[in-house]
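Novice: Dropping the structure in here first, questions after.
The values are calculated or read from the model by the stated rules, or taken from the named source; none is laboratory data. Just so you know, these numbers come straight off a predicted model, no measurement behind them. Cβ placement follows ideal geometry from the backbone for every residue including glycine, while neighbour counts extend to all protein chains displayed. Calculation scope for accessible area: heavy atoms of the full protein, side chains included, ligands and nucleic acids excluded. Shrake-Rupley method; radii C 1.70, N 1.55, O 1.52, S 1.80 Å.
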Amino acid sequence: MTKPCPLISCLPPEVHLCVLTYLRSFDLSAMQRTCRFFNDRNQIDTVINYTSKDVYPAELTDGFDSPTVGWAGTSKDSGGHYLTYEALRNMELLVVARVLSRPEPNLHERREGCFYVSKSWCRTALRWLEVQQDEIRERERALASPRNPHSRKDKGGRKRSKKQERLRCRKLSDSFPPWSNINDDILCPHSNLTVCEGSTSTRTRRRLMDRQAWKVLKKLYPDSVTLDGLNGECLQCKLEVEMGKKNEARLREKETNERKLPLSCPLVRSIYTRSKGVPTHRLVSNNDSTGLSSSGALAYSTPIRGQAQRKVACPLKPGVYQALPRAWCHGWRKYLRTGEGDRPCAPDSSACLCDAHKLPLMPPHLEEFLNGETTTLLSSGGNQSDVGSPSNATPATPLAGTPRPVVPVGWNPLPARDDDMMNSLLSAGLSEAEVQTQRMAMLSMERQNPYGNVHTLHDIPTEGAATTPNQHRTNEQLDRENKIVVEILTDEEFTALEQWWPEICSSYALRFAVLEPDVNRRSQIIWSTPPCRECDGTGRGCNNVVVRNRARIKRSSSSR
């Protein structure tokens, strides 16, 4: 401890009091240990009392020297009790705790003036104050029992368990003193209040404090930046946020336009908007005299007694076509529509190749459609409706005698036709197309209700009669009956679609050609690669097999 400087001792006591009350307790404690002039009990009492009455509001410092708060800040000698700078430190902790415990100002007080404070800093300060209070109590307990100062006892004098001791040590390790700048985490790069998006983020990051409480915190933490509540958030940051949003919207719009650029081609747009999986403009119409109606449905010809049965032609017009997996088409359409996921790879039909021979497997629904057994491509053996059509649509029925290489799941042969009734209807003046339409409707209704009476199908249903909806959706049944479900594209459409992947040199394409029908109205189909007839192209061989645990079976049999 050095001798007091003459210049310091010559100053009046009022100057000393103003200087000493400006400093905090740890600064005054350091001065007390370094200079004898400041190691004066009367001077220390004067500084502490002046600080508690004139520097801080009286309601914030009330009770700082009580045994529950600041008993450790007093000492006793022959002259009696006197205060130390530890009492001033307890006073500062009490002031901070009471200031942070105040509620936010109301609307009237906000007009008079309020300031923003970081909530994160407030939580850190309260946690640290709680730990400091526990340490003070531990020191007092250690002074009360000098024989065992490190005893593990709680507030009531009971011994703490190991779990309580671990929790206490963890609590002490997690607490750290609050940083010097109160609003450091809510400052923007321009030293103003940062912009918070949303009311929830605003409530969790900052709070308002009245003018008196802010003056107290500002004195204890002079490095803090003042954020007036009337100024609000930083205007420059708001402009930058708005510009960022506009740039993001412009970039998003640019990405959307680039993603949907292939739709500018009419051929690609026709693939994108297609829902039936077949180019409708390439379907054979009734004017082509190939057995199809103008709507694209097959006009089946019924054999009359004494006449040979006529084969049904392919529903597609002569030309070159491509078969593309529906999974790829679905992912490509979804990417163009929403932009979710990565850009799909180039159109490729290698999923239709078998693993054993690397030859294309003909999906049953594609072969049935090309053979004229079904009216639509994306239909199953039990339901001929398009994907997305109502579940109670009338299913078409394959014609007896038509070649059927693969029988779908659940298909049953139709009963024999009543040729006498057909001849009678034809002799009555009905055309063959009308007779065939009526017959197909009857067969369709019979397939929907195989256990009902066919002669009662035309009865008028009673009011309130329950109808049985079709429980098997078309997509689910297609996936069960086919390993790969495909869509048909024209060669021009496939070439236009493939141009949007210029980095791809080549990819496998399942190409076939439909030739002109012969005299018997039979269209020949030529494949670019011979189909594999040894492997199974249906989805019936993909059922999961559950393997039972042999050890479990052996234990169960031995227990019996």
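Novice: Can you find a residue in segment 347-363 that is within 23 Å of the chain's Cα centre (by Cα) and touching a residue at least 12 places away in the same chain (Cβ under 8 Å)?
Specialist: No.
Novice: Right, next: Considering only residues that are open to solvent by 100 Å² or more (accessible area, probe 1.4 Å) and assigned to a helix (DSSP H, G or I), look in segment 1-17 and name the one that is modelled with the lowest pLDDT.
Specialist: In this case the residue turns out to be Leu7.
Novice: Would segment 60-68 turn up any residue that is part of a helix (DSSP H, G or I), touching a Lys or Arg at 6+ places or on another chain (Cβ under 7 Å) and modelled with pLDDT of 85 or more?
Specialist: yes
Novice: If only one of Ser52, Ser25 is closer than 22 Å to Val96 by Cα, in contact with an Asp or Glu (Cβ under 7 Å, 6 or more places away or on another chain), open to solvent by less than 70 Å² (accessible area, probe 1.4 Å) and at pLDDT 85 or above, which one is it?
Specialist: So the residue among Ser52, Ser25 that is closer than 22 Å to Val96 by Cα, in contact with an Asp or Glu (Cβ under 7 Å, 6 or more places away or on another chain), open to solvent by less than 70 Å² (accessible area, probe 1.4 Å) and at pLDDT 85 or above is Ser25.
Novice: Moving on to the next point. Is it the case, given these coordinates, that Arg326 is touching a strand residue (DSSP E or B) at 6+ places or on another chain (Cβ under 6 Å), of a type in the set (D, E, K, R), open to solvent by 10 Å² or more (accessible area, probe 1.4 Å) and closer than 22 Å to Leu478 by Cα?
Specialist: Spelling it out, Arg326 is indeed touching a strand residue (DSSP E or B) at 6+ places or on another chain (Cβ under 6 Å), of a type in the set (D, E, K, R), open to solvent by 10 Å² or more (accessible area, probe 1.4 Å) and closer than 22 Å to Leu478 by Cα.
Novice: Scan segment 96-138 for residues that are modelled with pLDDT of 85 or more and part of a loop (DSSP other than H, G, I, E, B) and jot them down.
Specialist: Ser101, Arg102, Pro103, Glu104, Pro105
Novice: In addition: Report those helices (runs of 4 or more DSSP H) wholly inside segment 162-262 carrying at least 3 residues which are surrounded by 11 or more Cβ atoms within 10 Å (Cβ to Cβ) and in contact (Cβ under 8 Å) with a residue 12 or more places away in the chain.
Specialist: Because the criterion is at least 3 residues that are surrounded by 11 or more Cβ atoms within 10 Å (Cβ to Cβ) and in contact (Cβ under 8 Å) with a residue 12 or more places away in the chain, the helices (runs of 4 or more DSSP H) in segment 162-262 that meet it are 162-174, 211-220, 235-259.
Residue by residue, here is whether (1) assigned to a loop (DSSP other than H, G, I, E, B); (2) surrounded by 14 or more Cβ atoms within 10 Å (Cβ to Cβ); (3) at pLDDT below 75 holds:
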residue: Trp501; (1), (2), (3): yes, yes, no
residue: Phe512; (1), (2), (3): no, yes, no
residue: Pro517; (1), (2), (3): yes, yes, no
residue: Pro531; (1), (2), (3): yes, yes, no
residue: Gly537; (1), (2), (3): yes, yes, no
residue: Gly541; (1), (2), (3): no, no, yes
residue: Arg548; (1), (2), (3): yes, no, yes
